[in-house]
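The values are calculated or read from the model by the stated rules, or taken from the named source; none is laboratory data. As the structure is a prediction and not an experimental result, all values here were calculated from the model. Here the Cβ positions follow ideal geometry from the backbone for every residue, glycine too, while neighbour counts run over all protein chains shown.
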Amino acid sequence: MNTSRPKNSGSELAPYGQTAVIAFVNEKGGVAKTTSCVNLAAALSQRGKRVLCMDLDPQANATTAFGISAEQAIERESHCVLTMARYPLERAIVPTQIDNVELVPASARLADCNKTLVMEVGREGRLRTKLREFYRSVLTDKYDMVLIDCPPSLDLLSINALTAATHMIVPVSTKFYALKGMALLGDMVSTLHEQIGATVRMLGILVTMFDKKTALDVTIYRLLKEAIEREFGDYVFSTIISKSVVVSEAEAGGLPVMLRDPDSAAAEAHRKFAGEVLDRLGHDIGDLIPEPSLAAAPRT
Ligand SMILES: Nc1ncnc2c1ncn2[C@@H]1O[C@H](COP(=O)(O)OP(=O)(O)OP(=O)(O)O)[C@@H](O)[C@H]1O
Ligand SMILES: [Mg+2]
């Protein structure tokens, strides 16, 4: 895996002009890929960034999180982008309830892609081709950031995301298996670099659903951070997303916690995370947000 630290100049984002395309990826399920992706989109929009989210998970959780129904998604969705050669990306984009955030929704039929595309030439690069066409078109400057929510497996959908992306963010929970998952991902990314010219780089590893009151979480966090730094480099974001009931309440209410409970510690942590993402991408991060830490008490 390319482990050089991600302080980027514009030229490194060349495939899509100045737009960063970030895949949220981890084959482990339930580590807050979707929650992090959706709340990062909301936090970036509050900083004036224009964001396109792409739901690449047949579970369509990001689609639901943005308040888009399956019926709305079925006409315009990532399945069409991946399977229909002449279906342009822009046709699949729908607005969300968040200013400056738009979405390519998903539905359950996205799962078919793993079967439909398996015999196709260039199957790993479908999304990359569509994104490149999109950025060569008149819409070149429409978005500052594209965020891709991946499914919990390293299947053809995740491979398409990693082949298209300029960067990846890996949400991890403080569990002992987390490092093993990182190694598998690293192997896959190396293969994509070597065999199909992917250029995706690690932007960072985000520790999620952390419980500072649990001694085991604190210990695993320390061990995980040490191991990641030893194996891969200084990639762990200093922002830690604590476990908090307001996050699941917001999900149940169909709104990202950034909008539903903007004064919560969870929303604050996601704003800090957005600042770190922009900083690592070399964007102007504007006003700095006070440092949350392991000690930041979530509202429960
Ligand atoms: N900080 C948090 N505190 C409490 N609950 C959380 C937090 N982050 C996420 N969750 C909850 O954990 C569950 C899994 O989160 P999420 O769907 O974002 O994970 P995921 O990695 O996208 O899952 P999948 O692999 O199935 O796509 C959800 O019910 C979500 O509301
Ligand atoms: Mg998800």
Checklist entry - Of all the residues that make up segment 236-285, how many are of a type outside the set (Asp, Glu) and not in a helix (DSSP H, G or I)? => result 18
Next on the checklist: On the basis of being over 13 Å from the mean Cα position of the chain (by Cα) and under 20 Å from residue 108 (Cβ atoms), does residue 30 make the cut?
Outcome noted: yes
Checklist entry - Which residue out of 116, 63, 96, 83 is closer than 22 Å to residue 153 by Cα, of a type in the set (S, T, N, Q) and crowded, with 19+ Cβ neighbours inside 10 Å? => result 63
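Condition check ((1) on the phi < 0 side of the Ramachandran plot; (2) within 14 Å of ligand 1 (Cβ to nearest atom); (3) in contact with a Lys or Arg (Cβ under 8 Å, 6 or more places away or on another chain)) across all residues:
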site: 150; (1), (2), (3): yes, yes, yes
site: 157; (1), (2), (3): yes, yes, no
site: 172; (1), (2), (3): yes, yes, yes
site: 176; (1), (2), (3): yes, no, no
site: 179; (1), (2), (3): yes, no, no
site: 185; (1), (2), (3): yes, yes, no
Item to check | Where a residue in segment 142-153 is among the small types (Gly, Ala, Ser) and its partner, wherever it lies, is at pLDDT below 95 and not in a strand (DSSP E or B), with Cβ under 7 Å and at least six apart | outcome: 153/27
Item to check | Among the residues listed as 271, 280, the single one being crowded, with 20+ Cβ neighbours inside 10 Å, out of contact with any helix residue (DSSP H, G or I) (no Cβ under 9 Å at 6 or more places or on another chain), in contact (Cβ under 8 Å) with a residue 24 or more places away in the chain and not aromatic (Phe, Trp, Tyr) | outcome: 280
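Please enumerate the residues belonging to segment 54-68 that are of a type outside the set (Asp, Glu) and more than 19 Å from residue 99 (Cβ to Cβ). Quick ask: steps written out before the conclusion?
Restricting attention to segment 54-68, the residues satisfying the condition of being of a type outside the set (Asp, Glu) are 54, 56, 58-68.
Selection gives 56, 58, 59, 60, 61, 64.
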Item to check | In segment 257-300, the residues that are at pLDDT 50 or above, of a type outside the set (S, T, N, Q) and within 13 Å of ligand 1 (Cβ to nearest atom) | outcome: 257, 258, 260, 261, 265, 266, 267, 268, 269, 270, 273
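What about residue 238, is it modelled with pLDDT of 90 or more, buried (at least 20 other Cβ atoms within 10 Å of the Cβ) and of a type in the set (Gly, Ala, Ser)? Break it down into steps so the answer makes sense when it comes.
Values: modelled with pLDDT of 90 or more: yes; buried (at least 20 other Cβ atoms within 10 Å of the Cβ): no; of a type in the set (Gly, Ala, Ser): yes.
The answer is no for residue 238.
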Item to check | Every residue from segment 212-235 that is in contact with a helix residue (DSSP H, G or I) (Cβ under 8 Å, 6 or more places away or on another chain) and surrounded by fewer than 17 Cβ atoms within 10 Å (Cβ to Cβ) | outcome: 227, 231
